[in-house]
Amino acid sequence: MWRFIVLGVVIIAVLVAGFSLIDTSASGDVNASAVLADTTVDTSGFAQAIGPWDWQFPADYGAHPDFQTEWWYYTGNLATDSERRFGYQFTIFRRAIAPQSYDTESEWRTNQIYMAHFTITDVDGETFYHDERFSRASAGLAGAETAPVYRVWLEDWAVEAQNDDATLTRISASMDNAAVDLTLEQVKPPALQGQGGLSPKSEETGNASYYYSLSRLVTDGTVTIDGETFAVSGRTWKDHEFSTSALGDNALGWDWFGLIFDDNRELMLGQIRQQGGDTEPAFGGLLVDSDGSTRYLAADIFTLTPTGTWTSPHTGGVYPSGWQVSLTVPDSDDVLNFTLTPLLDDQELHGNGIIYWEGAVRIDGDVSGYGYAELTGYVDAMTGRF
């Protein structure tokens with residue numbers, strides 16, 4: 001799904017963090033500069049998602065700096081042999097603050113900034129851990145590359161390929177009281193969202209992203225909570241999108257679901273909620289069949305009906321909590337009816353940036369499994385932000 005960056009917050013954090021990283025006790029001269037001519041969101045000079053994209057993998061796993069915004073997003077549901085369950089989110093965002101880069105003697109100057117979000121849901125422990133980081137794409141602090149292998153990182157939070165074609169990757173990240181060290185194996189080809197990977201978010205030309213998913217990554221490794229390490233296995237969903245403008249002017253927020261079924265299929269469903277209560281008809285979903293083939297889902301062939309609400313004790317935001325889903329499968333007589341239930345009510349990210357809910361859910365009904373939901377615009381409206 002598309003993600004967001006609040007430009008002003010990120011810029012302030014990067015400027016502060018950038019100077020704090022200078023070791024003033026070291027000998028020799030420090031060659032650093034921070035030049036920011038304009039903090040407004042100006043899309044002129046950036047490429048836009050308009051026509052078809054010539055997808056090339058693994059090259060397209062890397063960065064696309066001609067576009068203003070990009071993110072690499074991983075969510076997974078994991079369990080121990082004794083069925084102690086965990087969820088996790090690991091996302092790295094790239095944002096260009098200007099369309100051009102400059103030749104400079106300073107190793108600190110850059111037109112790219114990075115942000116990362118990392119969460120762990122300890123279901124049995126009824127605890128949600130979340131953290132974020134900011135940095136600039138300079139001095140080796142953060143970046144995205146495919147040579148010699150696919151790697152996206154922000155300091156020591158990283159996802160890195162373990163082989164040349166990036167079908168085997170490793171995620172490692174830690175925060176206070178929680179950490180993951182996971183290996184992910186790709187078992188299906190990239191699923192191109194929208195129409196051949198061009199995913200419209202409104203009817204206006206250019207309000208779209210280039211978007212693919214790796215919908216089923218077989219995952220093994222460890223989760224560490226309060227110094228106790230658990231061997232886990234499960235499934236992970238990866239999204240990667242790049243764009244310059246996406247949401248329409250009337251967008252309030254979105255509900256997004258990445259669902260991994262036990263029958264070897266996967267499903268992305270999304271809806272953009274508009275000011276006034278309508279939903280954006282341009283955006284729908286995608287069903288990935290067991291053989292890796294895909295079926296585009298128009299917005300009018302599925303429904304997402306909340307079954308309850310949860311009120312955040314942190315922010316006062318009122319979120320839907322549980323959904324009844326009905327989906328007519330294209331090119332078949334199948335109608336799928338199932339429910340989505342959060343594994344933990346409190347999976348809200350709240351802090352310095354935009355407040356949103358992102359958490360692990362269980363799937364029951366005509367299909368079963370686990371997945372993730374992302375809910376934005378319930379505390380901070382997304383109108384005009386992205």
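Taking K and R as +1 and D and E as -1, what net charge do the other residues with C-beta under 13 Å from the C-beta of I363 add up to?
Residues near I363 contribute -2 overall.
Can you tell me the length gained on complete extension of the stretch D226 to N163, counting 0.36 nm per residue apart and subtracting the Cα distance?
19.5 nm
As an exercise, use a Förster radius of 51 Å and the Cβ-Cβ distance of D263 and T43 to find the FRET efficiency, rounded to the nearest 0.05.
Result of the calculation: an efficiency of 0.75.
At 0.36 nm per residue, minus the direct Cα-Cα distance, what do S233 and T305 gain on full extension? Give it in nm, one decimal, please.
This chain segment gains 22.8 nm when fully extended.
Looking only at segment 185-213, which residues have a backbone nitrogen under 17 Å from a spot 7 Å from the Cα of D54 in the C-beta direction?
197-198
Ranked highest first by average number of other Cβ atoms within 10 Å, how do 62-69, 337-344, 131-138, 224-231 line up?
131-138, 62-69, 337-344, 224-231
What spacing in nm lies between the two simple spin-label points modelled at D278 and D366, each 7 Å away from Cα in the Cβ direction?
Inter-label distance under the simple model: 2.8 nm.
Run the numbers for N177 and Y296: contour at 0.36 nm per residue of separation, minus the present Cα-Cα distance, in nm.
38.8 nm
What net charge is computed for the residues neighbouring L287, neighbours being all others with C-beta under 14 Å from the C-beta of L287, Lys and Arg scored +1, Asp and Glu -1?
Net charge in that neighbourhood comes out at -3.
Using the crude model of +1 on Lys and Arg Cβ and -1 on Asp and Glu Cβ, and no other charge, please compute the dipole size for segment 252-319 relative to its Cα centre, in debye to 20.
Around 240 debye, computed over segment 252-319.
None of the figures in this text is laboratory data; all of them are computed from the coordinates on show. Nothing here was measured: the structure is a model prediction, and the numbers come from that model. As a convention, Cβ positions derive from the backbone with ideal geometry for all residues, glycine included, and neighbour counts pool all protein chains shown.
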